[in-house]
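Written below as C-alpha cells is the structure these notes are about.
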Amino acid sequence: MNIDEIIKNSLTENKFIYCIFTTPRVKSQYKKITVRPIAIKDREYLQLEKFTETKAFHENLDYEVALDVLLNMVNEYRNINLFTTDADYQILVSKKGSIKITRSEPVKKLKKEEHNKKKQYLISENQPCDFLIILGIMNKDGKVYTKKYDKFKQINKFLEIVDDSLAGKSIKDGFTIIDFGCGKAYLTFALYYYFNDIKRIKVNITGLDLKEEVIEFCNETAKKLNYENLNFVYGDISDFEYKNKVNMIVTLHACDTATDAALVKAIAWDCDIILSVPCCQHELFNKIENENLNPMLKHGLIKERMSSLITDSLRGLFLETKGYKVQLMEFISMEHTPKNILIRAVKSNKNTESAEIEYEKFKKYWNLNNLFIENYYETIINP
C-alpha cells in the first residue's frame, strides 16, 4: 500500500489521528505542518497548523477538501509521520524521490479537540442506526458520512421539535401520524424510529406523495427495516381521506397552497399536533397591497420575500382561530436553505375571539380576501 492509499483510507475509514509534515522538498515558507481532527459546532474538520520561522497559521478544512490537500502535501515534504488507530507510519523521501515507509504499532488514541461543546442528539453519532444506514447517511459502524452531516443534523433537529411538542402529553400505542408530501421520507423513517425505538410507543404512520417511484422505494425500505405499521401511498393531499383518528400531521415543503390544504385537513381531523415547513408560496404575491409600503413592494425580490412571510404569519393566525397554540420557529439554519420556517401548532382549549379579531385586522392591513385556505376550509367543513 502506498502513502496516498494509507492517508486516504485513514480519513475515509475514520482512523486518522494526527500527521506531521517536515523537511520541505523545495523552498517553502512553512517549515512544518501538523494536521489533526477537530469538531466545530458539531461538524468535523481537519485543522492544519502551518509553521513559519516565527509564526503559526491555522486552517480548518472539510474532510473531502482536506484529502486532496494532504495528498498534494505528500509531494512537497520529505518527512511525514502519520498516526492512525491501526498503525503509525513514518514516510521518508530521499532527494532522488525514492520512498521508504516504516509501519509500527499505534501509540496514540483518537481524540478530537472540540472547539464547541458536543451536542447530544436524540439519535447519537457513532451509534449504528438501522434507517440511517440503509438510507446512506451513516455507515454500518455509525459514522455519519461527511456529505450527509447536514441531513443528520436536520433529522435530529426535527426530532427535538417533535419531542418538545409531546412534552407533558400522554401518548399511547396506536398514535397515528400522516406525513403529507413525504418525499424520500428521511423524516418519516426518523419519526417511526423515534416512537418505536426511543419512546417505545407503537405508532401508525402513513406517508403520502405524488411520485410513484418514491412511494415504491419507501415501501420497499420499510419492509427491509421491518418497520411494521409504516406505509406509503400515492396520492394528492386534497384527495386523501383517513377514517381513523389522526394525532399528528407533518407536512414538509408541500408546494404553495398544498401546505394550506394539509393544514385544513389537520384542522378538520382535529389533530393534536401539526408540524409544517412550507415551500414555495405564490398566492399572495399578486394580492398583497399597502400604499404606505409601496417603496418596498414595488421591488419584486422584496415583495416575494414579504409575501412568503405574510403567508406563514397568516397561516399561523388562521390556526389560532381554530383553537391551536402556534409557534413559528427556525427549523434549520438559513445557510442550508431559505425554507427554514416551521409552523408548530398544538391543540389547546384557549378562547379564539382575540385571534379572530387579529386575523381580520391582518388581512385588512394587506388588503387580502378570497384566500385559498379559507375557501378550502369551507369546502371541507361545509361540503
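Inside the range 336-383, can you point out the residues that are closer than 16 Å to residue 266 by Cα, charged (D, E, K, R) and in contact with a Leu (Cβ under 7 Å, 6 or more places away or on another chain)?
The one that is closer than 16 Å to residue 266 by Cα, charged (D, E, K, R) and in contact with a Leu (Cβ under 7 Å, 6 or more places away or on another chain): 344.
Can you go through 267, 249 and tell me which one is closer than 23 Å to residue 378 by Cα, touching a residue at least 40 places away in the same chain (Cβ under 8 Å), out of contact with any Lys or Arg (no Cβ under 6 Å at 6 or more places or on another chain) and of a type in the set (A, V, I, L, M, F, W, C)?
Numbers: 267 fails: out of contact with any Lys or Arg (no Cβ under 6 Å at 6 or more places or on another chain).
Selected residue: 249, the only one of 267, 249 that is closer than 23 Å to residue 378 by Cα, touching a residue at least 40 places away in the same chain (Cβ under 8 Å), out of contact with any Lys or Arg (no Cβ under 6 Å at 6 or more places or on another chain) and of a type in the set (A, V, I, L, M, F, W, C).
Could you check the range 67-105 and list, in sequence order, the residues that are more than 39 Å from the chain's Cα centre (by Cα), farther than 24 Å from residue 29 by Cβ and in contact (Cβ under 8 Å) with a residue 24 or more places away in the chain?
Result: 99, 101.
Tally the residues that are within 21 Å of residue 356 (Cα to Cα) and modelled with pLDDT of 90 or more, restricting the search to the range 288-306.
0
Just the residues that are among the charged types (D, E, K, R), within 18 Å of residue 257 (Cα to Cα) and surrounded by 15 or more Cβ atoms within 10 Å (Cβ to Cβ), please, taken from the range 347-382. Quick ask: steps written out before the conclusion?
Restricting attention to the range 347-382, the residues satisfying the condition of being among the charged types (D, E, K, R) are 347, 350, 353, 356, 358, 360-361, 363-364, 374, 378.
From the residues that got through so far, the ones that are within 18 Å of residue 257 (Cα to Cα) too are 363, 374, 378.
Once the filter is applied, which keeps residues that are among the charged types (D, E, K, R), within 18 Å of residue 257 (Cα to Cα) and surrounded by 15 or more Cβ atoms within 10 Å (Cβ to Cβ), the range 347-382 yields 363, 374.
Name the single residue that is modelled with the highest pLDDT among those in the range 26-72 being among the acidic types (Asp, Glu) and over 30 Å from residue 154 (Cα atoms).
Taking the range 26-72 first, the residues among the acidic types (Asp, Glu) are 42, 44, 49, 53, 59, 62, 64, 68.
From what's left, over 30 Å from residue 154 (Cα atoms): 49, 53.
Details: 49: 89, 53: 79.
Within the range 26-72, the match that is modelled with the highest pLDDT is 49.
Report whether or not residue 297 is closer than 23 Å to residue 340 by Cα, surrounded by fewer than 20 Cβ atoms within 10 Å (Cβ to Cβ) and out of contact with any Leu (no Cβ under 6 Å at 6 or more places or on another chain). Please lay out each step first, then the result.
Numbers: closer than 23 Å to residue 340 by Cα: yes; surrounded by fewer than 20 Cβ atoms within 10 Å (Cβ to Cβ): yes; out of contact with any Leu (no Cβ under 6 Å at 6 or more places or on another chain): yes.
The answer is yes for residue 297.
Go through the residues of the range 214-232 one by one and say whether even a single one is farther than 27 Å from residue 129 by Cβ and exposed (fewer than 13 other Cβ atoms within 10 Å of the Cβ).
Within the range 214-232, the subset farther than 27 Å from residue 129 by Cβ is none.
No, every residue in the range 214-232 fails to be farther than 27 Å from residue 129 by Cβ and exposed (fewer than 13 other Cβ atoms within 10 Å of the Cβ).
If you take the residues in the range 13-46 that are under 30 Å from residue 150 (Cβ atoms), in contact with a Leu (Cβ under 9 Å, 6 or more places away or on another chain) and without any contact (Cβ under 8 Å) to a residue 60 or more places away in the chain, which one is surrounded by the fewest Cβ atoms within 10 Å (Cβ to Cβ)? Spell out the reasoning first.
From the range 13-46, those under 30 Å from residue 150 (Cβ atoms) are 13-19, 33-46; that's our starting set.
Narrowing further to those that are in contact with a Leu (Cβ under 9 Å, 6 or more places away or on another chain): 14-19, 33-38, 45-46.
Still in the list and also without any contact (Cβ under 8 Å) to a residue 60 or more places away in the chain: 33-35, 45-46.
Values: 33: 24, 34: 16, 35: 23, 45: 21, 46: 21.
Residue satisfying both the conditions and the ranking: 34.
Out of (1) within 30 Å of residue 244 (Cβ to Cβ); (2) in contact with a strand residue (DSSP E or B) (Cβ under 9 Å, 6 or more places away or on another chain), what's the single condition that is false for residue 308?
(1)
Can you tell me which condition residue 75 does not meet? The list is (1) surrounded by 15 or more Cβ atoms within 10 Å (Cβ to Cβ); (2) farther than 30 Å from residue 157 by Cα, and all the others hold.
Exception for residue 75: condition (1).
Of all residues in the range 273-306, which are more than 25 Å from residue 327 (Cβ to Cβ) and part of a helix (DSSP H, G or I)?
Passing the criteria: 291, 292, 293, 294, 295, 296, 297, 300, 301, 302, 303.
The values are calculated or read from the model by the stated rules, or taken from the named source; none is laboratory data. All figures in this text were calculated on a predicted structure; none of them were measured in a lab. Counting neighbours? That spans all protein chains shown, and the Cβs are built from the backbone with ideal geometry, glycine included.
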